[in-house]
Amino acid sequence: MADREKILRYFKAGGDEQLAAKLLDLADGANKSRKFRVSEFLDPHAYNVAEIIAANFENIKIESDGGFANAERVKVAYIAEDFYGTPEYGMTYFLAAWDKRYYDLSHRDVLGALMGTGCKREAVGDIVFVPEGAQFVVEKTLANYLMSNLTSIGSAPVSVSEITKEELFQKEEKIKIINATVADLRLDAVAAAGYGVSRSRMAEEIKALNVKVNWQDAKKPAQSVDVGDIISFRGRGRVEVAEVRGTTKKGRTSITLKRYI
């Protein structure tokens with residue numbers, strides 16, 4: 001049996017105590033039932049928490065599914081080692097189609113429309129744009145409600161149809177390699193280089209909570225980043241700190257970034 005209080009103390013400092021408690025309940029439920037328990041949709045940071053929780057149970061393994069083959073947001077299944085069935089993740093897959101000749105919609109528009117129908121963020125998985133519109137994954141319990149209530153996204157009328165998992169597109173990400181020099185490895189400096197904006201503007205975006213590091217809200221512009229860190233800027237995709245190459249003759253730091261478009 002995992003030491004619940006010790007685990008919760010570990011996560012309290014990072015503000016993840018509530019999330020850890022929910023995941024502990026699921027893992028404990030799987031352990032006691034000798035079957036499985038499935039979470040809501042988790043972002044990559046929450047998935048890391050879920051993995052740590054699983055490591056504290058001797059007879060529990062962890063699997064995940066987000067519908068799309070390389071989904072960013074996934075549901076986690078805690079599975080008892082002696083359960084030999086297949087966990088049911090409870091997901092439904094949709095295509096929302098609109099006339100792209102007249103309407104140019106963004107990820108934020110689609111997510112906003114889903115939230116506007118009353119969906120919680122934890123009930124929605126990835127959203128992927130396809131030639132007809134956008135495919136997305138949601139909790140199965142929302143299927144009928146969305147079919148009836150999702151009639152527009154922004155100002156665009158949409159038609160919503162349920163599709164099979166096999167019809168989901170493979171997510172494709174374009175990567176732009178950026179070689180830059182920065183005064184130091186402060187978040188505002190590195191993110192400004194990655195997104196092609198001024199350092200002062202990036203500092204304001206960080207203060208406005210529009211920037212995350214490793215899927216957690218950035219603390220402050222002066223926060224330091226390192227190789228492997230993922231920076232995300234709302235509506236502008238992700239930047240990975242791929243390499244710190246050294247110091248130039250002028251004392252600046254040379255870095256390589258990967259911008260996921």
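The values are calculated or read from the model by the stated rules, or taken from the named source; none is laboratory data. This one's a predicted model, so the numbers in the text were calculated from it and none came from an experiment. Every residue, glycine as well, gets a Cβ built from its backbone with ideal geometry; the counts of neighbours run over all protein chains shown. Just so you know, the surface numbers come from the protein's heavy atoms only, side chains and all, with ligands and any DNA or RNA stripped out. Shrake-Rupley method; radii C 1.70, N 1.55, O 1.52, S 1.80 Å.
Descriptive notes on the structure:
For (1) without any contact (Cβ under 8 Å) to a residue 12 or more places away in the chain; (2) of a type in the set (Ser, Thr, Tyr); (3) under 22 Å from residue 128 (Cβ atoms), each residue gets a yes or a no:
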{"position": "179", "(1), (2), (3)": "no, no, no"}
{"position": "182", "(1), (2), (3)": "no, no, no"}
{"position": "185", "(1), (2), (3)": "no, no, no"}
{"position": "192", "(1), (2), (3)": "yes, no, no"}
{"position": "202", "(1), (2), (3)": "no, no, no"}
{"position": "205", "(1), (2), (3)": "no, no, no"}
{"position": "239", "(1), (2), (3)": "no, no, yes"}
{"position": "242", "(1), (2), (3)": "no, no, no"}
{"position": "254", "(1), (2), (3)": "no, yes, no"}
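- Residue 241 meets the conditions (1) more than 28 Å from residue 116 (Cβ to Cβ); (2) among the β-branched types (Val, Ile, Thr); (3) loosely packed, with under 12 Cβ neighbours inside 10 Å in every case but one. The failed one is (3).
- Exactly one residue out of 171, 176 is touching an Asp or Glu at 6+ places or on another chain (Cβ under 9 Å) and either at pLDDT below 95 or of a type in the set (Asp, Glu) (or both): that is 171.
- Flag for residue 200 being assigned to a strand (DSSP E or B), polar (S, T, N, Q) and touching an Asp or Glu at 6+ places or on another chain (Cβ under 9 Å): no
- Residues in the range 10-50 that are open to solvent by less than 80 Å² (accessible area, probe 1.4 Å) and among the acidic types (Asp, Glu) were compared, and the one that is nearest to residue 79 (Cα to Cα) is 28.
- Once the range 203-219 is narrowed to residues that are of a type outside the set (D, E, K, R) and assigned to a loop (DSSP other than H, G, I, E, B), the residue that is surrounded by the most Cβ atoms within 10 Å (Cβ to Cβ) is 218.
- Annotation: residue 134 fulfils all but one of (1) within 20 Å of the chain's Cα centre (by Cα); (2) farther than 17 Å from residue 170 by Cα; (3) among the aliphatic types (A, V, I, L, M); the unmet one is (2).
- Conditions (1) in contact with a helix residue (DSSP H, G or I) (Cβ under 9 Å, 6 or more places away or on another chain); (2) buried (at least 17 other Cβ atoms within 10 Å of the Cβ): number failed by residue 222: (2)
- From the options 235, 196, 251, residue that is in contact with a helix residue (DSSP H, G or I) (Cβ under 9 Å, 6 or more places away or on another chain), at pLDDT below 95 and open to solvent by 40 Å² or more (accessible area, probe 1.4 Å): 235
- The strands (runs of 3 or more DSSP E) found entirely in the range 55-160 that carry 1 or more residues being surrounded by 13 or more Cβ atoms within 10 Å (Cβ to Cβ), among the aromatic types (Phe, Trp, Tyr) and in contact (Cβ under 8 Å) with a residue 60 or more places away in the chain are 91-97.
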